[in-house]
Each structure stands twice: as C-alpha cells, then as structure tokens.
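The values are calculated or read from the model by the stated rules, or taken from the named source; none is laboratory data. Computed from a prediction, not measured in an experiment: that's the story for all the values here. For neighbour counting, all protein chains shown are included, and Cβ atoms are generated from backbone atoms with ideal geometry for every residue, glycine included. Accessible surface is based on the protein model in full, side chains and every heavy atom, while ligands, DNA and RNA are left aside. Shrake-Rupley method; radii C 1.70, N 1.55, O 1.52, S 1.80 Å.
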Amino acid sequence: MLTVVESCRISPPPATVGNRSLPLTFFDNMFLLHFPINQLFFYEFPHSKPHFMQAIVPNLKQSLSITLQHFFPFTSNLIAFPSNHHSRKPEICYVEGDSVSFILAECDLDFKDLIGYHPRACHKFYQLVPPLGCAVKGSEFLTIPPFAVQVTLFENSGVSIGITNHHVLCDASTKYDFLKAWTSIARHGTDGLLLADQALPVFDRLVQYPESLDKMFVNQPLVATLNLEYQLNLEYQPPELVGSSYKVRATFILIKEKINLIKKWIATELPALGYVSSFSIACAYVWSCIAKSRVEIENLKSQDELERFVCLANFRSRMDPPLPPTYFGNCVGPCVAISKSTLLQGRLYRLSNLGTSLGPPKNKGLQVLKKIIYTICMYYAQINTFI
C-alpha cells in the first residue's frame, strides 16, 4: 500500500531563469503523442522515516531546484496549438514561477522483492512512478506538464525515485545529463562541479532540415484527434500506468565474461563482420531468445514470420558536423533489423543482420540527415501509426 506524505511543487531559485521558450525540432515533434516515459531507481536505505525526512528530503528538494535552474525545460510546459493555429508549432515555454510536481510517499511493499531478479508482478511498480498531471486548456492552446518526480520511502529498507517525462521534452541522453547534474548537486551541495566541467545543456537548435518535416508530423491523424478533443472542449490527458496486470518483469544478467566469450566466437565464425559492440551482442542474444520462446509458447514451429528488432540510436555524434554531446532535446531515431523467425533461431545470421543495422552511418552531412529521416519515416510507415 502506498501513502502520500506530501505533494508539493519545486521551482528553480527565484529570478534565475526568466521567461524563456525552446522551439521543438523534427526530432522532438515525432514524439508529440508518444506515451509518457516512466523510470524507477532503487537505493538501499536502512534508516528510519524521521532520519529520511530530516536528512534526505530537504537536500533532494534543494538540489532539484538548483538543477532546474540549469535545465529549465524540465520545469516548463509543453504548449500545443490546435489545428486552426497550425502556423504556430508546438514549443516548450517557461514562465517565472513554473514548477515541477514533487510527490513524497511511503510504501509497505517488500523492498527486497521489488529489487530482486526473479519475476515480479508489473502492477506493483505502477504506484511508484508519478503521473504527469493534468493538461490545461487555454483559449488558443493546450498546456501539458512534461515532467514529474516521486520519491518513495520503504522504511528501514530503501528508497525509490520515480520520474515521468513527456518524450517531447528529451531523449535518454539529455535525461541522464539532468540526472547526473541532480546527483552531483545533491552530493556536493553546489553546482560548482557542473559549471567547472562545462556540462551545461546546449539549447541552440543546431539541426537544419526542411520545414515540411515538422508539418508532416504535426498533421498526422492522431494529432487530429488531439485537435478534435480541443475543439469539442474535451479533456486531453497523457495515459497513466493504472490497474492490475497479469504481466511480470524479471531481470537477466549477461556478465562481461560471457559477452567477451561470444565476441571471440563471432570473430572466428564471421571475421568479415569487423567490430561488434557489446550492445549488438546483447541485442542479438535477446532477439534470438525471444524468437525461440515464441516458437515454443505460441506453437509457431511450422511458420516463418518476419521478426523486427527496433532500438533507438543517439544521432548526435553521427551528424556532420557532430552535435555537442550535451545538446538538449531529442536527437534519436530507430534502428530496425528485420529477419525471418527461422533464421533467428540460427547461430550467425541474427548477429550479422543486427550488426549491420546498428552500425554507424558512413555518409556525411546532408546525406546523414537524409538517411536518418528516411529510416524514421520508413519505421513509422511500417507500424502504420504516428507513434
């Protein structure tokens, strides 16, 4: 059972940001109606509730406030305009006083069970991540909160930090920059190291592309649904993790020694493949295991279906010129590998196919952007939907 101890709002220190806006790019707009991203981090904390409330909570709030000063979009709002205002593209806007939802809770679930590797019921985790909050309809636009935080205490056992963000806000690279900054400030009590390391986010919109790409995504059918809800005075709310589930989640460990063993075997069997990353090895192994499981569970032994493996790749370093590593926002796209299910049950083809899909593009400049755009458009065409 979960009990909310406090629900408050956290803002940057007064007069440190000012009114600011951040235009969305093609890479951001493709996630306009994407479901919220939920993440959970668990920390062992064998201490009492009074100690937690007095020693930990104030520091978490203070350090979050300072972090938001440097990452202002996290405390801003996503502004989406209806169809009759399509001359205005969606944007992220910060107005002095904007804040982030911060929920403090305590839970009586078994902490050791939650952090174990064994199968655990998915619905146990849902209550540990915060909702994004309600979208607010203005006279000409929708205001959608893009970020929320929940800290949950398991007394004398541990703490979880749950974060929920709208994918339009940023990709994983930017989010982990934010989390690293928050961690550093919480640990040292100052943003001095963040400033000294020159790890501040770059807000300049550095990707150049045809404006027609923005219109292509903003005019997708599902965006029209958002416009219809607006025009009919219906409430638009991002989906939440709710209700019971028969699904379970488990953790599987692929240790370094095993990965290196597979690499050596691949180098012997497929010498022309060249460099193979640990990520490619892990993806190929997981893909093969899933394909074999489907054969057994779904009784597909006589069928030869097409299987797709999709992962998102960070394109910052793949652009020419490369974007700064701390470029703020989204700069990712799907890498798609396609194979027949029978081939996936083999030993070599799956790695060769996947390695080709995950390899860095060799083209430069505009050709890189064209390849990225083509890959993204083909991916969305294959799944026959905007998200």
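If you go through region 114-146 one residue at a time, how many are assigned to a loop (DSSP other than H, G, I, E, B) and surrounded by 14 or more Cβ atoms within 10 Å (Cβ to Cβ)?
Total meeting the criteria: 13.
Taking only region 148-169 into account, find how many residues are hydrophobic (A, V, I, L, M, F, W, C), open to solvent by less than 10 Å² (accessible area, probe 1.4 Å) and closer than 19 Å to residue 63 by Cβ. Give the derivation first.
Our first condition is that a residue be hydrophobic (A, V, I, L, M, F, W, C); within region 148-169, this holds for 148-149, 151, 153-154, 159, 161, 163, 168-169.
Next, from what is left, pick out any that are open to solvent by less than 10 Å² (accessible area, probe 1.4 Å): 148-149, 151, 153-154, 163, 168-169.
Still in the list and also closer than 19 Å to residue 63 by Cβ: 148-149, 151, 153, 163.
Going through region 148-169 one residue at a time, the tally reaches 5.
Test residue 154 against the stated conditions and say whether it is more than 30 Å from residue 22 (Cβ to Cβ), out of contact with any helix residue (DSSP H, G or I) (no Cβ under 7 Å at 6 or more places or on another chain) and touching a residue at least 24 places away in the same chain (Cβ under 8 Å). Steps first, answer last, please.
Working: more than 30 Å from residue 22 (Cβ to Cβ): yes; out of contact with any helix residue (DSSP H, G or I) (no Cβ under 7 Å at 6 or more places or on another chain): no; touching a residue at least 24 places away in the same chain (Cβ under 8 Å): yes.
No.
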Exercise for review: For residues that are among the β-branched types (Val, Ile, Thr) and surrounded by 13 or more Cβ atoms within 10 Å (Cβ to Cβ), scanning just region 291-323, find the one that is farthest from residue 177 (Cα to Cα).
Suggested key: 295
Practice item. Answer yes or no as to whether residue 335 is open to solvent by less than 40 Å² (accessible area, probe 1.4 Å), under 30 Å from residue 23 (Cβ atoms), in contact with a strand residue (DSSP E or B) (Cβ under 8 Å, 6 or more places away or on another chain) and modelled with pLDDT of 80 or more. Key: yes
Review point. Quick one: in region 256-270, which of the residues that are open to solvent by 100 Å² or more (accessible area, probe 1.4 Å) and of a type outside the set (A, V, I, L, M) is nearest to residue 312 (Cα to Cα)?
Key: 256
Practice item. Check every one of the strands (runs of 3 or more DSSP E) wholly within region 1-113 and list those with 3 or more residues that are farther than 24 Å from residue 201 by Cα and touching a residue at least 60 places away in the same chain (Cβ under 8 Å). Key: 2-10, 37-44, 100-107
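Those residues that are among the aliphatic types (A, V, I, L, M), out of contact with any helix residue (DSSP H, G or I) (no Cβ under 6 Å at 6 or more places or on another chain) and either surrounded by 14 or more Cβ atoms within 10 Å (Cβ to Cβ) or modelled with pLDDT of 95 or more (or both), I need them from region 1-31; list them, please.
As a first pass, look at region 1-31 and keep what is among the aliphatic types (A, V, I, L, M): 1-2, 4-5, 10, 15, 17, 22, 24, 30.
Next, from what is left, pick out any that are out of contact with any helix residue (DSSP H, G or I) (no Cβ under 6 Å at 6 or more places or on another chain): 1-2, 4-5, 15, 24.
Answer for region 1-31, where residues must be among the aliphatic types (A, V, I, L, M), out of contact with any helix residue (DSSP H, G or I) (no Cβ under 6 Å at 6 or more places or on another chain) and either surrounded by 14 or more Cβ atoms within 10 Å (Cβ to Cβ) or modelled with pLDDT of 95 or more (or both): 2, 4, 5, 24.
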Point to revise | Subset of region 291-320 [out of contact with any strand residue (DSSP E or B) (no Cβ under 8 Å at 6 or more places or on another chain) and in a helix (DSSP H, G or I)] | key: 292, 293, 294, 295, 296, 297, 317, 318
